[in-house]
Every structure is written in C-alpha cells, then in structure tokens.
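Single-structure report; data block below.
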Amino acid sequence: MSKSNDLIKAIKNKGKSLEAEMSFFDHLEVLRWHIIRSVIAIVIFAMLSFTFYDFVFNDIIMGPKNLDFWTYRMMCKVGDLLSLPGFCVDRIPFNIINTELAGQFMLKINSCLLMSLALGFPYLMFEIWLFVKPALTDIEKKSARGFVLYASILFAIGALFGYYVVVPLSVNFLANVSLSEEITNQITIDSYLSTIATLTLGCGIVFLLPILIFILSKLGLMTPAFMKASRRYAIVIILIIAAIITPTADVITLLTVSAPMFLLYELSIMVSANVHRKKEEAEKEFYNN
C-alpha cells in the first residue's frame, strides 16, 4: 500500500513538473512572438527612414553641422540680446570624410536602423507591457496604467533635449578645439554618426529615470527617504553621467546636461513619495478593515 502511494505521488509530481515545463515553454513562445513583432516594427520604420533618406541625412544627421541649425540660430539671438558676441556660433571647422569602401552604404543602413529604434520606441514599450501585463495583479495593472505613454513621452523629451541641446553644444565645442593650426579636423562619418546617436539616444534613456524609480518603489527597493539621504551622492553620479554623455570639457555644456538630470532626480523623489504614500494608505485601510 505504501509503495502504491509513493508511486501515485511520484506520478503527480512528474505531472506537475511537466506542467511547469510546458508553462515555461509557453512563456518562451509568447516571448518569441513579442520579439518577432518588435523586429517587424523596426524593419517597417527602417524602410520608412530609407524611403525619406534625403530628409533623414540632410536635415537630421547633418543638421547639427550646419550653421543654420535651430540651436545655433537661437544661440546667436540670445548672444545679440545679452550682448555676448562669443555666444553666437559662426564656424564649425571640420570636414566629414569616408575612409572605408562600404562606409557610405553602411552609413545609410546604420542611420536607418537608429532612426527606426527612435521612432519605434513607443511600440517596443508596448510589446514589453503586453509581455509583462499577464503576470501582474489587478492592482498592479491599475498602478502601471499609462506606462507606455509616460515612458514614450519621457524618452521623446530626452531625445529632443539631446539632439537640440547636447549634440550642438558638443559638436560646437569639439569642432573648435584646436591645438595647432597645422592640424585639420577630418572627422570620419562613423565617428560623427556615433556621436550624434549616442548623445541623442543616451539622453532619451536617461530621461526614463522616473519610470525606473516608480518600478523600484513599487517593488519596495526604493524609498523617498533613501533618495533624499542620498541626494549628495546622486549629484556626484549625475555629474559623472553628464561627463560621460557629453565628451567635452566645457563646463557650460556639462551644467546644461546635468541640470535636467537634477530635476529628474527631484521628480523621481516625488514619484517614489507618491508610491510610498499610497502603500501606507493601503496598509492602514487593510488593518482598519
């Protein structure tokens, strides 16, 4: 009888194991389709960028090199208004060259892929949300409502800030650094494109800090008290991140980049405090009932 019971338990345990394995492979199958749809979306946006590549290259990629770029024009207006003659950008002394046989072809491919990542970011967030959503409780789903919208808005603001503020300031500073008149700046197209893409997309990702703090606060890994106590360390870290994002030694550029990050950190404290307050209210309501 004992052996019979052991056999029945073994069969049940094996059944549970097989069920868990099937569940795991089911999750892999769901993840595979999310990845496939994301890749298809990226390909579609890349094809769209390829179709309008003249605009992508001349107006977007080469924009920060042209003196009629919006940021440079605004800087000249501010310089005239405040009587700061050195604030106006009147020269960007470097030439862009190609040193590889397939360089210009790869430039077209890489720039279209980068544009597709930037344009397709909201859809990628939507696919992530669809994958995570089934594992959340009703309360967690309600709390995370608007995740895709807020993440997309923050990324867009960060990318625009990077492209219209960080990129032109960095390009202007680095192009005008001259150690000798005998040295001519001949910049490869790969170096130029990677700088534009890194600064733009990097700022977009950094601006997602409130979303990250919201998630960590929901998991109980971050509290507003901890963030307030760590503010001085956060300032140092922000300055280091700003120095990494902006490959310049210009203090004005460094402060221009770090200032929004300070505001983001303070906004993150408010987000964490709001999450912490709602948790305390839910606990009080639970104990009162």
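I need the peptides 163-175, 187-199, 46-58, 89-101 ranked by packing, meaning the mean over residues of other C-beta atoms within 10 angstrom, with the highest value on top.
The packing order, highest mean first, is 163-175, 187-199, 46-58, 89-101.
For the range 206-218, in order, what is each residue's ³J(HN,Hα) by Karplus, 6.51 cos²θ - 1.76 cosθ + 1.60 with θ = phi - 60°, in whole Hz (x at glycine and Pro)?
Calculated HN-Hα couplings, in order: 4, 6, 7, 3, x, 5, 4, 5, 4, 5, 5, 5, 4 Hz.
Name the most mobile residue of Glu181, Glu127, Glu266, meaning the one with the largest mean-square fluctuation, in a Gaussian network model of the chain with Cα contacts below 10 Å.
Glu181
Among Ala156, Ala243, Ala102, whose mean-square fluctuation peaks in a Gaussian network model of the chain (Cα, cutoff 10 Å)?
Taking springs between Cα atoms under 10 Å, the residue moving most is Ala102.
For the chain, modelled as a Gaussian network with Cα springs under 10 Å, which listed residue fluctuates most, Ala144, Ala225, Ala259?
Ala225
Sticking with the crude label model, points 7 Å out along Cα→Cβ, report the distance from Ser230 to Asp59 in nm, one decimal please.
4.3 nm
Sum up the charges of everything whose Cβ sits under 15 Å from the Cβ of Gly79, counting Lys and Arg as +1 and Asp and Glu as -1, but leave Gly79 out.
That sum, taken over residues with Cβ under 15 Å, equals +1.
Find which of Ile196, His276, Asn288 sits farthest along the positive direction of the dipole of the range 195-289, computed with +1 on the beta-carbon of Lys and Arg, -1 on that of Asp and Glu, about the Cα centre.
Asn288
Provide the net charge surrounding Ser217, with neighbours chosen by a C-beta distance below 11 Å and charges set as Lys +1, Arg +1, Asp -1, Glu -1.
After counting each charged neighbour, the total is +4.
Which ³J(HN,Hα) values, rounded to whole Hz and listed in residue order, are derived for the range 73-84 from phi using the Karplus coefficients 6.51, -1.76 and 1.60 in 6.51 cos²θ - 1.76 cosθ + 1.60 with θ = phi - 60°, glycine and proline given as x?
5, 5, 5, 5, 5, 5, x, 5, 5, 9, 6, 10
Please give the FRET efficiency for Asp190 paired with Ile241, using the beta carbon to beta carbon distance and R0 = 22 Å, rounded to the nearest 0.05.
According to the calculation, E is roughly 0.35.
Tabulate in residue order the Karplus-calculated ³J(HN,Hα) for the range 109-119, using 6.51 cos²θ - 1.76 cosθ + 1.60 with θ = phi - 60°, rounded to whole Hz; enter x for Gly and Pro.
Taking θ as phi minus 60°, the curve returns 5, 5, 5, 5, 5, 5, 5, 5, 5, 5, 6 Hz for the range 109-119.
For the chain, give me every cysteine whose Cβ has no other Cys Cβ within less than 4.7 Å, ordered by residue number.
Cys with no partner Cβ under 4.7 Å: Cys112, Cys203.
Can you flag which of Lys141/Lys228; Lys108/Lys141; Lys77/Lys228; Lys65/Lys228; Lys142/Lys228 are past 31 Å Cα-Cα?
Lys108/Lys141; Lys77/Lys228; Lys65/Lys228
Quick check for you: which residues of the range 174-191 have the amide N under 19 Å from the point 7 Å beyond the Cα of Leu101 toward its beta carbon?
Once the point is set 7 Å along Cα→Cβ of Leu101, 189-190 turn out to lie under 19 Å by backbone N, inside the range 174-191.
Give the long-range amide H neighbours of Thr188: residues separated by 5 or more places, or on another chain, with amide H under 5 Å away, using H modelled in the peptide plane at 1.01 Å from N.
Excluding prolines and chain starts, which carry no amide H, the hits are Ile97.
With only Lys, Arg, Asp and Glu charged, each at its Cβ (+1 for the first two, -1 for the last two), find how big the charge dipole of the range 2-207 is about the Cα centre; round to the nearest 20 debye.
Roughly 1060 debye, rounded to the nearest 20.
If I stretch the segment between Ile157 and Lys141 completely, what's the gain in nm (0.36 nm per residue apart, minus their alpha carbon distance), one decimal? Don't skip to the answer; put the middle values down first.
Values: separation 16, 0.36 × 16 = 5.76 nm, distance 2.51 nm.
Between Ile157 and Lys141, full extension yields 3.3 nm more.
Can you work out the FRET efficiency for the pair Ile183 and Ile35, with r the C-beta to C-beta distance and R0 = 41 Å, to the nearest 0.05?
For Ile183 and Ile35, the calculated efficiency is 0.30.
Label-point separation (nm) for Asn66 and Asp80, each offset 7 Å from Cα along Cα-to-Cβ?
Placing both labels 7 Å along Cα→Cβ, they lie 2.0 nm apart.
Taking Cα pairs under 8 Å and at least six residues apart, what relative contact order does the range 2-207 come out at, in percent?
Rounded, it is 28 percent for the range 2-207.
Values quoted throughout were computed directly from the atomic coordinates according to the rules given, and no laboratory measurement underlies them. The shown structure was predicted, so the numbers you read here are calculated from the model rather than taken from an experiment. Ideal geometry is used to build each Cβ from the backbone, glycine not excepted, and the neighbour counts take in all protein chains shown.
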